[in-house]
Amino acid sequence: GRITGFQNGLAIAGDYMSAATLLGITSMVYFKGYDGFVYAVCFFIGWPIILFLMAERLRNLGKFTFADIASYRLDQNRIRTFAAIGSLTVVCFYLIVQMVGAGQLIQLLFGLEYNTAVTVVGILMMVYVTFGGMTATTWVQIIKACLLLGGGISLMLLTLAQFGWSFENLFTKAIESHKAGEKLMIPGSLMADPISALSLSLGLLFGTAGLPHIMMRFFTVPNAKEARKSVFVASGCIGYFFMVVCALGLMAIVIVGQNPDFYEGGNIGGKLIGGGNMPVMHLSKAVGGNLFLGFMSAVAFATILAVVSGLALAGASSIAHDIYARVIRKGTASEAEEMRVSKLSTIALGVVAVLLGIMFEKQNIAFLVGLTFGIAASTNFPILILSMYWRGLTTRGALLGGLIGLISAVSFVVLSKAVWVVVLGNATPIFPYEQPALFSMPLAFFFTWLFSVTDTSARSKIDKAGYDDQYVRSQTGIGAASASSH
């Protein structure tokens, strides 16, 4: 509660501007052109939803984790358990993204084996979160956000100078250099069917509001005004950085794409050295030499370590605060016990992250983020928004609807090409689309509504009465005990 809105805004930006932003979106623009820009826009437009619908209420209602809000007026034990499972699922999928980025980056820099590189990052993250906690994680996010903005803008300016400071010149040369030609600037090459595009857009739009490590950030500021300020600052930094990243992707098409030094065997158009997520790193070497490559790599590595730390902290908090302290110990656990469980959970999450990072080595990391957001949009977002805005929500509705959202989203991802074919090695996917949100999010909302309106139990009357208390508290920021008298 001692972090200011401006500091927290930078920390949120640091959390959000991850390896997927720097490495993944630049490589997506590099390979697919305009569709990479579509990804960036979708990532960004979730922020107004958080600002106008959620930031203030989140700060007034929550204490440590998003489960504090979801369970505020519902049955504590059951909802906390579900919320913790949902958070951990999202955290594990997002950890894959960061570990893949980290592994490929260290592999490029130090020539280490990919598996060794992923293991090194996992161990570093465990040490950092175990001994540093939330304050350390916040400050590394703030420093990283400043470095990332500074490094990205410097790289853009250095490169833009080679195009005579003209974006028109840049676009013309990018179209001439890319094998797609003018189709580079036409949407649809990444997802030929509109259903996948709509599903991705929905997932990225509403998934932002369901990410546990982003939700946690609203509980570090002293009041709702600072929470709103946090989102305002974060939105400015993130929006600007996404524009920079898209420009870097186009610049890499001309400078990296035409240079045989960055391809294995010097074969232009072949396989990039270091893998498909590395165009921005090669660009930094091309325009700034080894010194600038070293700086950008350090920034990218700090980015990955910081985001992994935030994710591990969110996952560990779910286990320690929601499952252990509230469900298993029923509120009798001391803070010292909670901290001990949190540290053990961090180690367990680190091991899981390393194993998943090794499994998903070949995937584009911006694509993997899309999957993560789809799961967050189907699992956490429906319960969070309905618990804050719908009086009719009951424990049974939230639990069953949320579980259906979670199970359907994860099932669709596992049965899609990304996992069923690429990771598990099957010939054809069972689920034809690669993004789950269009199918799993409406299922979550529908079944949450259905099981709530048909709930006639004694518990449902308590849940509906609790909404009035919650509404007063979310508007005024006063405590639960005084809300009913107010």
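Some observations on this one:
- Think of each Lys and Arg Cβ as +1 and each Asp and Glu Cβ as -1; about the Cα centre, that makes the dipole of the chain roughly 1040 debye.
- For region 294-307, backbone phi angles converted through the Karplus equation (6.51, -1.76, 1.60; θ = phi - 60°) give residue-by-residue couplings of x, 5, 5, 5, 5, 5, 4, 5, 4, 4, 5, 4, 5, 5 Hz, Gly and Pro being listed as x.
- For residue 263, distant residues with modelled amide H under 5 Å away: 273
- Measuring nothing but alpha carbons in the chain and taking Rh as the Kirkwood radius, the Rg to Rh ratio lands at 0.98.
- Here the chain has 66 percent of its accessible surface on carbon and sulfur atoms, given a 1.4 Å probe and all protein chains in place.
- Sequence of 457, 452 when ordered by accessible area, the most exposed leading, probe 1.4 angstrom: 457, 452
- Helical runs assigned H by DSSP (4 residues or longer) give the chain a calculated mean residue ellipticity at 222 nm of -23500 deg cm²/dmol, each run adding -39500 (n - 2.57) before division by the residue total.
- Prolate/oblate/rounded call for region 331-446, Cα gyration tensor, a/c under 1.5 rounded: oblate
- Pairs of Cα atoms nearer than 8 Å and 6+ residues apart set the relative contact order; for region 5-81 it is 12 percent.
- Distant-in-sequence amide H partners of residue 426 (H built 1.01 Å from N, under 5 Å): 421
- Remark: region 351-358, residue by residue, has Karplus-estimated 3J(HN,Hα) of 5, 4, 4, 4, 5, 5, x, 5 Hz, where x stands for each Gly or Pro and the curve is 6.51 cos²θ - 1.76 cosθ + 1.60 at θ = phi - 60°.
- Largest to smallest in accessible area, the residues 131, 6, 66 fall in the order 131, 6, 66 (1.4 Å probe, all protein chains included).
- Neighbourhood net charge (12 Å Cβ-Cβ; Lys/Arg +1, Asp/Glu -1) for residue 258: 0
- Region 182-337: relative contact order as a whole-number percent, Cα under 8 Å and 6+ apart: 15
- Net charge, residue 199 excluded, C-beta distance under 14 Å - Lys, Arg +1, Asp, Glu -1: -1
- Most positive-pole-ward Cα, 410, 118, 457, against dipole of the chain from beta carbon charges: 457
- Karplus-based coupling profile of region 205-218, in residue order and whole Hz: 5, 9, x, 3, 7, x, 7, x, 6, 7, 4, 4, 5, 6, with θ = phi - 60° in 6.51 cos²θ - 1.76 cosθ + 1.60 and x standing for Gly or Pro.
- Degrees, to the nearest 10: 167-177 long Cα axis against longest axis of the chain: 70
- Placing unit charges on the Cβ atoms of the charged side chains and taking the dipole of region 141-265 about its Cα centre, the candidate lying farthest along the positive direction among 186, 204, 159 is 204.
- Average accessible surface area per residue within region 219-352, 1.4 Å rolling probe, Å²: 38
- Cross-link pairs 183/271; 225/343; 229/343; 32/417; 330/461; 285/362 - those with Cα-Cα distance over 29 Å: 225/343; 229/343
- With 5 Å bins from 0: P(r) over region 1-134, alpha-carbon pairs, percent: 2, 8, 11, 16, 19, 17, 13, 8, 4, 1, 0
- By accessible area with a 1.4 Å probe, ligands and nucleic acids excluded, highest first: order of 79, 195, 255, 407: 407, 195, 255, 79
- Cα gyration tensor shape for region 121-213, rounded if a/c is under 1.5, else prolate or oblate: oblate
- A Cβ-based charge dipole, computed about the Cα centre of region 38-177 with Lys and Arg at +1 and Asp and Glu at -1, lands at about 520 debye.
- Accessible area of residue 243 in the full protein assembly, 1.4 Å probe (Å², nearest 10): 110
- Unit charges at the beta carbon, dipole of region 177-264: most positive-side option, 231, 195, 213: 231
- For region 252-356, a simple Cβ point-charge model (Lys and Arg +1, Asp and Glu -1, everything else neutral) yields a dipole of about 200 debye relative to the Cα centre.
- Using a probe of 1.4 Å, the accessible surface attributed to residue 237 totals some 20 Å² when neighbouring protein chains are kept in position.
- Of the peptides 296-302, 269-275, 105-111, 392-398, the ranking by mean beta-carbon count within 10 Å, highest at the top, reads 392-398, 296-302, 105-111, 269-275.
The values are calculated or read from the model by the stated rules, or taken from the named source; none is laboratory data. The structure presented is a predicted model; accordingly, all values stated were derived computationally and were not measured. No Cβ is skipped: glycine too gets one built from the backbone with ideal geometry, and neighbour counts run over all protein chains shown. For accessibility, only protein heavy atoms count, side chains too; no ligands or nucleic acids. Shrake-Rupley method; radii C 1.70, N 1.55, O 1.52, S 1.80 Å.
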